[in-house]
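Structure first, then comments.
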Amino acid sequence: MNHLLEVRDLLVRRAGRVVLEIEHLTVAPGEVLAVIGPNGAGKSTLLLTLARLIEPARGEIRFEDRPLAAHGELAYRRAIALALQEPLLLDRSVFENVIIGLRFRHLPGDEIVRRAETWLNRLGIGHLRARPAARLSGGEARRVSLARALVIQPRLLLLDEPFAALDPPTRAGLLDDLQALLAETGQTTVFVTHDLDEALRLGDRVAVLLAGRLRQCGRPEQVFAGPADAEVAAFVGMETILSGRVLSCTEGRVIVDVDGRHLEAAGELPIGQAVLFCLRPEDVTLWPKDGAPASSARNRLAARIVSLAPHGALVRVALDCGFPLLALITRASARELDLAPGMEVSASFKATAVHLIPHR
Amino acid sequence: MQNILELFTGGDPEVWQITLLSLQVSGLATLISLLLGLPLGTVLALGNFPGRSFFLSLINTGMALPPVVVGLVVAILLWRSGPLGGLGLMYTPAAIVIAQTIIAAPVVTGLTAAALQALDPRLRLQLLGLGASRLQMVLALWLEARLALLAALMAGFGSVISEVGASLMVGGNIRGQTRVLTTAIVLETGKGEFARAIALGALLLALSYMVNLNLTWIQQRGARR
């Protein structure tokens with residue numbers, strides 16, 4: 001069995017509108033596939049379709065080398081487990097919530113207790129077993145929801161935004177624990193998220209879903225470093241995306257003309273090729289005007305600060321270099337450079353930080 | 001006052017017979033309403049079929065059915081020359097049970113549908129995603145809405161134990177056969193026996209209170225879980 005799950009030519013309509021269209025997607029046994037995309041991209045619809053809770057208008061889903069229809073609806077749903085974005089716990093104790101899927105499967109009582117105790121402890125909620133679900137914090141409820149799905153020991157685990165709406169420390173703790181549990185158990189998992197950090201941490205592969213279409217699928221470093229198109233690039237954080245044309249290409253060094261400025265990137269592309277020049281804001285370094293010391297950064301530009309905006313613990317700086325450029329720097333750097341709108345600075349970035357996407 | 005005390009201290013065996021019959025008739029009507037209303041309310045709450053909203057509006061209208069109108073319709077059906085006259089049910093406790101079931105069933109159905117619709121609709125998907133069969137999902141939803149469903153049961157019982165129009169029309173208020181507390185109160189009031197009417201009224205209230213006290217106790221025990 002090469003694939004545990006295989007999706008072919010899938011089309012899902014909701015209220016007459018096409019909301020999901022996927023040509024081909026596979027999940028290998030033991031693999032964690034992270035499906036990423038913005039809100040409304042069709043991620044949850046994909047998960048519900050894979051859980052057989054939405055009937056596709058077209059296409060085939062194969063599970064363990066057989067079409068879903070060959071498994072029988074209930075048998076398939078009992079081979080998998082789904083945890084939706086909200087914990088949706090029942091108005092019962094934590095223990096009763098965790099065992100509900102095992103009760104649905106009519107497992108023997110002693111097996112139910114054994115498994116429940118194991119997973120309550122693995123998720124660090126053993127001490128909460130008798131507590132009413134209504135009296136749990138958001139993080140605890142999320143752990144119960146995960147325990148309720150994992151205790152089933154499904155052949156395929158489907159998780160919808162498992163860390164959504166959690167405060168950062170709670171999220172970080174749960175992310176660590178889930179990463180360890182998935183690695184330890186080899187649990188085949190499809191999880192959807194709009195958070196790139198979660199996808200990088202948990203996913204063996206990443207599938208990018210935009211406007212209901214699967215735009216790219218590959219190892220996280222491939223997708224994040226080499227987005228397939230401008231929209232994927234924008235979603236994976238390459239916020240500076242400029243149109244340009246290749247002027248020359250020698251020894252893996254590509255010179256691109258962007259609005260009359262000659263910029264350098266690493267790669268091999270034919271001369272005259274139209275490209276999208278993509279750059280992450282965190283890869284841009286700022287210096288005082290004419291103050292950039294000698295370095296390996298191949299691109300140095302005179303720039304004027306257009307605006308400064310707080311971005312969590314960082315500061316996002318919008319620059320005008322003859323074309324718009326974004327930089328992300330620490331607050332300490334912004335203070336030391338005494339940055340202010342209208343100020344002239346130098347901006348630099350390495351040729352290897354640039355991702356070029358061939359364009360029409 | 002003496003009459004009232006005599007009534008409560010067991011001076012009149014007819015009173016206890018009337019009380020027992022009231023409890024039996026209204027209890028049975030509520031039970032049948034529950035057996036009809038719980039599945040019907042569930043289908044209306046969870047189903048997805050054409051005309052669902054129309055059926056829900058009919059049920060909601062039925063929750064306010066005037067008992068005398070129900071009595072009239074059941075009387076026409078059960079009358080000797082009526083379509084169900086051959087069954088010989090007119091002026092029997094069974095006729096009162098039928099009428100009271102028609103009164104209570106929409107109440108139980110409508111409140112069941114409302115109770116299930118008040119649950120998060122994603123809960124159904126979550127239960128199915130954890131491997132529940134359709135029946136297991138419905139049972140889990142009933143358990144989740146248990147407090148509201150018990151309230152539906154109480155409302156159903158309350159609507160029939162206190163009604164008089166239908167019981168009078170299809171039961172006939174026959175002494176020893178179809179006389180229930182409400183019809184007996186009407187009779188005693190008509191005779192000017194106000195003390196006896198008041199005593200029967202107090203008994204009706206006490207009976208209603210005892211039944212609802214038990215149901216409330218079960219409901220609140222569930223709420224503390």
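Results, tabulated for the structure shown:
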read-out: Qualifying residue in the range A:135-147 (condition: away from chain B (no Cβ under 11 Å), surrounded by fewer than 22 Cβ atoms within 10 Å (Cβ to Cβ) and closer than 19 Å to A:Thr185 by Cβ); value: no
read-out: Out of B:Gly71, B:Gly62, sole residue that is buried (at least 16 other Cβ atoms within 10 Å of the Cβ), away from every other protein chain (no Cβ under 14 Å), in contact with a Pro (Cβ under 6 Å, 6 or more places away or on another chain) and in contact (Cβ under 8 Å) with a residue 24 or more places away in the chain; value: B:Gly62
read-out: Residues satisfying the stated conditions in the range A:245-299, i.e. under 22 Å from A:Ala332 (Cα atoms), free of Cβ contacts under 8 Å to residues at least 60 places away in the same chain and basic (Lys, Arg); value: A:Lys289
read-out: Verdict on B:Leu153 being at pLDDT below 95, assigned to a helix (DSSP H, G or I) and either charged (D, E, K, R) or buried (at least 21 other Cβ atoms within 10 Å of the Cβ) (or both); value: yes
read-out: Members of the range A:120-134 that are surrounded by fewer than 20 Cβ atoms within 10 Å (Cβ to Cβ) and assigned to a helix (DSSP H, G or I); value: A:Asn121, A:Arg122, A:Gly126, A:His127, A:Ala134
read-out: Output for the range B:90-124, where each listed residue is within 12 Å of chain A (Cβ to nearest Cβ), in contact (Cβ under 8 Å) with a residue 12 or more places away in the chain and assigned to a loop (DSSP other than H, G, I, E, B); value: B:Leu119
read-out: Test: residue in the range B:125-147 that is assigned to a helix (DSSP H, G or I), in contact with a helix residue (DSSP H, G or I) (Cβ under 9 Å, 6 or more places away or on another chain), within 14 Å of chain A (Cβ to nearest Cβ) and among the acidic types (Asp, Glu); value: yes
read-out: Every residue from the range A:56-96 that is within 14 Å of A:Arg142 (Cα to Cα), within 10 Å of another protein chain (Cβ to nearest Cβ) and touching a Leu at 6+ places or on another chain (Cβ under 7 Å); value: A:Leu82, A:Ala83, A:Leu84, A:Leu88
read-out: Single residue of A:Gly312, A:Gly322 found to be surrounded by fewer than 18 Cβ atoms within 10 Å (Cβ to Cβ) and either in contact with a strand residue (DSSP E or B) (Cβ under 7 Å, 6 or more places away or on another chain) or at pLDDT 95 or above (or both); value: A:Gly322
read-out: Residue check, A:Ala116 closer than 10 Å to B:Leu130 by Cβ, within 14 Å of chain B (Cβ to nearest Cβ) and not β-branched (Val, Ile, Thr); value: no
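The values are calculated or read from the model by the stated rules, or taken from the named source; none is laboratory data. Keep in mind the model is a prediction, meaning the values are calculated, not measured. When we count neighbours, we look across all protein chains shown, and the Cβ atoms used for this are built from the backbone with ideal geometry, even at glycine.
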